[in-house]
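Here is the structure we will look at, set down as structure tokens.
The values are calculated or read from the model by the stated rules, or taken from the named source; none is laboratory data. Note that this is a predicted model, so its numbers are computed, not measured. No Cβ is skipped: glycine too gets one built from the backbone with ideal geometry, and neighbour counts run over all protein chains shown.
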Amino acid sequence: MSDRRVNVGIVGYGTVGKGTVNVLIDNANVIKEKTGIDIFVKSVADLKINEFDDQFLRKVPNKYTDADMIINDPVIDIVVELIGGYNAAKKVILDAIEKKKHVVTANKALLAVYGTEIFKKAEEKSVQLGFEGSVGGGIPIIKVLKEDLAANNIKEIYGIINGTANYILTRMEKEGKEFDEVLKDAQRLGYAEADPTFDIEGIDTAHKITILSSIAFNTIIPFDKVFVEGISSIKQVDIDFAKKLNCKIKLLAIAKKHENDIEVRVHPTMIPERYILSKVENVFNAIYLVSDKLDRTIHYGRGAGGLPTGSAVAGDIISIARDIICGCHKRVPVLGFTKEYRSYFPVKNIDDIRSSFYLRFMALDKPGVLSKIAGVLGKYNISISAAIQPGDYSPGDVVPLVFMTHETIGRHVSDAVREIDSMEYVKSKTVVIRVEGAHRG
């Protein structure tokens, strides 16, 4: 490989932008030794660029407030979009592709919602689009699915892919604190945003599983077909009952490929504590894959942060730079498969998915209440595998009644819970948590 410079322009100098510039400049010699390429950060653009100053930014020759200065620069080979959000980011990416510049982004929300348009445009203009940093922070998973497992039929994906939600659930489990208290701590410590909605309500996780399952299943997953439920309704009582059942509660992204359809969903999930995913704690992420030839693999690491995500972005830049040197501009399709970018498989409605369930009812402690609830469950063909009755409560108190069910159709549970919640002796909305894997009562 001949020695050559590849010029990079970075749009957005927030946490990930700073991390990416740090990686590319601080480890420039390491990258040159491994690749034979001088990857040169020629320009950085940010609306507030004049407010930033650090040792790495000082080494960047050109600093702009206008992204067009980078997009229209004829010597820029790769444009890196790290501003996040939708409209402005989408314009940067499409404008760069129109100029036939290769693009790298970590923008999972944009790709999940508007990815099809961007993927098609990149293919049409024969440019590469790297987005390793969009899922799992520094965990290499996009390339694994697109290239390393290309000989495998991916069957299932299970992911803990939001560090904020996992941090909150870990603290609740270990310290016995309620959700609201832990969330405030997470915000104070910088693990949660001032507006944490995307993280705690599962939306960020849904963006990521949309991308992963599209690549894994050779199709386009419409984001609006993904079932999303967050963790804000999880109480300490549910964490405690999970422990009694030898389980833990995690916010899981789950995708499964069936013969004629697929399921893609995000929700709190009860899993046996012996499962490896139950060991993933705090802000760490893990993606668990099941494929036909390799069977099971797990990919674990830091799922967010400037340097981990910056490392993933730099990895995309290096991969594209190598292809530029070799003259290989379409070696790997943008999503790793050669079919047209459209949906091939229907996404199964959450009510049609079979699962075991954890059900917590808050009911008056009166004779016959337990049997009445069990009777309604039986009416909808829901078989109970375990039941936990209240301990130290006085007659007439509102007490938690917990049932674990055998596998059943989600719709049956929804209908049964709706009927039970309307009964006078049930005093609050029933908590429903899906279960993956056989539990030990």
Task: Residue match in region 386-394 (condition: of a type in the set (Phe, Trp, Tyr) and free of Cβ contacts under 8 Å to residues at least 60 places away in the same chain) - done: yes
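For the subset of region 10-29 comprising residues that are of a type in the set (Gly, Ala, Ser) and out of contact with any helix residue (DSSP H, G or I) (no Cβ under 6 Å at 6 or more places or on another chain), which member is nearest to residue 96 (Cα to Cα)? Can you show your working first?
So the first thing to find is which residues in region 10-29 are of a type in the set (Gly, Ala, Ser), and the list is 12, 14, 17, 19, 28.
This time we only want the ones that are out of contact with any helix residue (DSSP H, G or I) (no Cβ under 6 Å at 6 or more places or on another chain), so: 12, 14, 17, 28.
Numbers: 12: 14, 14: 20, 17: 17, 28: 25 Å.
Within region 10-29, the match that is nearest to residue 96 (Cα to Cα) is 12.
Among the listed residues 115, 84, which satisfies the condition of being among the small types (Gly, Ala, Ser) and part of a loop (DSSP other than H, G, I, E, B)?
Details: 115 fails: part of a loop (DSSP other than H, G, I, E, B).
84 is the lone residue from the list that is among the small types (Gly, Ala, Ser) and part of a loop (DSSP other than H, G, I, E, B).
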Task: region 87-103, subset touching a helix residue (DSSP H, G or I) at 6+ places or on another chain (Cβ under 9 Å) and assigned to a loop (DSSP other than H, G, I, E, B), residue farthest from residue 24 (Cα to Cα) - done: 99
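A quick yes/no check of all residues on (1) assigned to a helix (DSSP H, G or I); (2) crowded, with 16+ Cβ neighbours inside 10 Å; (3) polar (S, T, N, Q):
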| residue | (1), (2), (3) |
| --- | --- |
| 231 | no, yes, no |
| 239 | yes, yes, no |
| 255 | no, yes, no |
| 265 | no, yes, no |
| 270 | no, yes, no |
| 278 | yes, yes, yes |
| 300 | no, yes, no |
| 311 | yes, yes, yes |
| 319 | yes, yes, yes |
Task: Verdict on residue 114 being among the aromatic types (Phe, Trp, Tyr), surrounded by 14 or more Cβ atoms within 10 Å (Cβ to Cβ) and at pLDDT 95 or above - done: yes
Task: Odd one out for residue 155, checked against (1) in a strand (DSSP E or B); (2) farther than 22 Å from residue 339 by Cα - done: (2)
Task: Residue that is surrounded by the fewest Cβ atoms within 10 Å (Cβ to Cβ), among those in region 30-54 that are in a strand (DSSP E or B) and in contact with a helix residue (DSSP H, G or I) (Cβ under 7 Å, 6 or more places away or on another chain) - done: 38
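So which residues in region 333-359 are of a type in the set (S, T, N, Q) and not in a loop (DSSP other than H, G, I, E, B)? Even if it seems obvious, please write down each step before you answer.
Here is the first cut: in region 333-359, the ones of a type in the set (S, T, N, Q) are 338, 343, 349, 355-356.
Within region 333-359, 355, 356 meet the criteria.
Tell me which residues, restricted to region 187-205, are part of a loop (DSSP other than H, G, I, E, B) and surrounded by fewer than 10 Cβ atoms within 10 Å (Cβ to Cβ). Outline the logic, then answer.
First, pick out the residues of region 187-205 that are part of a loop (DSSP other than H, G, I, E, B): 190-196, 201-202.
Correct list: 190, 194, 195.
Each row is one residue, and each column tells you yes or no for (1) in a strand (DSSP E or B); (2) of a type in the set (Val, Ile, Thr); (3) touching a residue at least 40 places away in the same chain (Cβ under 8 Å); (4) touching a Ser or Thr at 6+ places or on another chain (Cβ under 7 Å).
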{"residue": "324", "(1), (2), (3), (4)": "no, yes, yes, no"}
{"residue": "331", "(1), (2), (3), (4)": "no, no, no, no"}
{"residue": "361", "(1), (2), (3), (4)": "yes, no, yes, yes"}
{"residue": "367", "(1), (2), (3), (4)": "no, no, no, no"}
{"residue": "403", "(1), (2), (3), (4)": "yes, no, yes, no"}
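Each row is one residue, and each column tells you yes or no for (1) surrounded by 16 or more Cβ atoms within 10 Å (Cβ to Cβ); (2) at negative phi; (3) under 29 Å from the mean Cα position of the chain (by Cα); (4) modelled with pLDDT of 95 or more.
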position	(1), (2), (3), (4)
56	yes, yes, no, yes
59	no, yes, no, yes
71	yes, yes, no, yes
77	yes, yes, no, yes
80	yes, yes, yes, yes
95	yes, yes, yes, yes
103	yes, yes, yes, yes
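Just the residues that are over 17 Å from residue 206 (Cβ atoms) and either in contact with a helix residue (DSSP H, G or I) (Cβ under 8 Å, 6 or more places away or on another chain) or not charged (D, E, K, R) (or both), please, taken from region 222-242.
Going residue by residue through region 222-242, those that are over 17 Å from residue 206 (Cβ atoms) are 234-242.
Once the filter is applied, which keeps residues that are over 17 Å from residue 206 (Cβ atoms) and either in contact with a helix residue (DSSP H, G or I) (Cβ under 8 Å, 6 or more places away or on another chain) or not charged (D, E, K, R) (or both), region 222-242 yields 234, 235, 236, 237, 239, 241, 242.
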Task: Matching option when the condition is of a type in the set (A, V, I, L, M, F, W, C), within 30 Å of residue 178 (Cα to Cα) and either free of Cβ contacts under 8 Å to residues at least 12 places away in the same chain or in the same structural domain as residue 281 (by TED's automatic domain parsing) (or both), among 216, 242 - done: 242
- [ ] Find the residue count for region 272-313, including only residues that are touching a strand residue (DSSP E or B) at 6+ places or on another chain (Cβ under 8 Å), among the hydrophobic types (A, V, I, L, M, F, W, C) and more than 18 Å from residue 163 (Cα to Cα).
- [x] 3
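Can you tell me which residue among 157, 161, 141, 168 is of a type in the set (A, V, I, L, M, F, W, C), touching a residue at least 60 places away in the same chain (Cβ under 8 Å) and over 23 Å from residue 294 (Cβ atoms)?
Details: 157 fails: over 23 Å from residue 294 (Cβ atoms); 161 fails: over 23 Å from residue 294 (Cβ atoms); 141 fails: over 23 Å from residue 294 (Cβ atoms).
The unique qualifying residue is 168.
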Task: Sole exception among (1) in contact (Cβ under 8 Å) with a residue 24 or more places away in the chain; (2) surrounded by fewer than 18 Cβ atoms within 10 Å (Cβ to Cβ); (3) basic (Lys, Arg); (4) part of a helix (DSSP H, G or I) for residue 146, by number - done: (2)
Open item on the list: Quick check on region 345-365: of everything there that is crowded, with 17+ Cβ neighbours inside 10 Å and among the charged types (D, E, K, R), which residue is farthest from the chain's Cα centre (by Cα)?
Closed with: 365
